[in-house]
Amino acid sequence: MNDTPFLLPDSSLVKAANQFVLEASPLFLYHHCMRTYLFAQALGRRDRLHYDQELLCLGSLLHDLGLTERCDEGHPFEIDGANAARQFLLEQGLSTEKAELVHTAIALHLSVEAEQRQPEIALVRLGATLDVRGYRLEDIPSEVLHSILEAYPRLGFKKAFAEVLTLQASRKPGSALAQAIKSGGLNGLLHAPFTE
């Protein structure tokens with residue numbers, strides 16, 4: 001298998017989800033979602049995990065919908081994102097069981113609990129955490145990392161993402177995100193081993 005697979009799974013559902021995220025998100029956030037998927041794939045291969053490629057892709061692509069204006073309903077962003085993703089996927093004809101799996105992957109992607117769940121859920125968290133904080137970066141071959149960053153540049157990700165998260169926290173002071181930021185939770189992002 002190619003170590004740098006930049007093609008999304010070839011399904012009408014993935015194409016629709018990709019278009020939805022692209023239209024709803026600023027480009028830096030869309031690139032983050034794509035890198036999340038590619039890093040998740042790379043870690044899944046490294047760890048020899050068996051998972052549904054389409055569901056992993058959907059969870060990765062849709063995991064930050066709650067940070068977009070279109071899908072922000074005033075709840076913690078991971079919940080708004082999970083709800084928006086589930087609704088979108090059900091409207092596209094995905095089974096309730098599979099839509100619930102994607103919902104869970106998104107709702108839990110900020111929690112270490114996700115890493116104890118099935119691979120599709122664990123890998124969404126791991127891919128996102130790698131891109132945000134550099135967690136397990138050493139498990140990605142340098143040529144794969146370079147290819148991913150070349151295909152989906154970070155576009156000032158640290159600064160832009162910190163601004164979006166800070167705005168979310170100020171609007172939702174009771175959320176887990178707000179509590180994490182109060183405890184220095186942005187340090188992992190701002191000091192991640194990426195230049196931007």
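The values are calculated or read from the model by the stated rules, or taken from the named source; none is laboratory data. These numbers were taken from a predicted model, which means no experiment stands behind them. With ideal geometry, Cβ positions are generated from the backbone for all residues, glycine too; neighbour counts draw on all protein chains shown.
For the stretch 182-196, the set of residues classified as in a helix (DSSP H, G or I), under 22 Å from Asp80 (Cβ atoms) and hydrophobic (A, V, I, L, M, F, W, C) consists of Leu189 only. Across the stretch 166-181, the number of residues qualifying as assigned to a helix (DSSP H, G or I) and surrounded by fewer than 16 Cβ atoms within 10 Å (Cβ to Cβ) comes to 6.
Residues considered: Ile106, Ile140. Of these, the only one that is touching a Gly at 6+ places or on another chain (Cβ under 7 Å) and at pLDDT 95 or above is Ile106. For the stretch 126-160, a residue qualifies if it is loosely packed, with under 15 Cβ neighbours inside 10 Å and without any contact (Cβ under 8 Å) to a residue 12 or more places away in the chain, and the qualifying residues are Glu138, Ser142, His146, Glu150.
Within the stretch 32-46, residues that are closer than 14 Å to Asn18 by Cα and surrounded by 24 or more Cβ atoms within 10 Å (Cβ to Cβ) have Cβ atoms under 9 Å from residues that are at pLDDT below 95 and charged (D, E, K, R) in no pair, counting only partners at least 6 apart in sequence or on another chain. Within the stretch 84-117, being under 15 Å from Asp52 (Cα atoms) and not in a helix (DSSP H, G or I) holds for Leu94, Ser95, Arg117.
Taking the listed residues Glu97, Glu163, the one that is surrounded by fewer than 19 Cβ atoms within 10 Å (Cβ to Cβ), modelled with pLDDT of 95 or more, more than 20 Å from Leu62 (Cβ to Cβ) and of a type outside the set (A, V, I, L, M, F, W, C) is Glu163, with no other qualifying. Filtering the stretch 83-94 down to residues that are more than 14 Å from Val21 (Cβ to Cβ) and touching a residue at least 12 places away in the same chain (Cβ under 8 Å), which residue is surrounded by the fewest Cβ atoms within 10 Å (Cβ to Cβ)? Top of the filtered list is Gly93. From the list Gly81, Gly184, Gly174, the one residue that fits, being of a type in the set (Gly, Ala, Ser) and within 14 Å of the chain's Cα centre (by Cα), is Gly81. Quick one: is Leu22 under 22 Å from Ala151 (Cα atoms), surrounded by fewer than 19 Cβ atoms within 10 Å (Cβ to Cβ) and aliphatic (A, V, I, L, M)? Considered against the rule, which asks whether it is under 22 Å from Ala151 (Cα atoms), surrounded by fewer than 19 Cβ atoms within 10 Å (Cβ to Cβ) and aliphatic (A, V, I, L, M), Leu22 comes out as yes.
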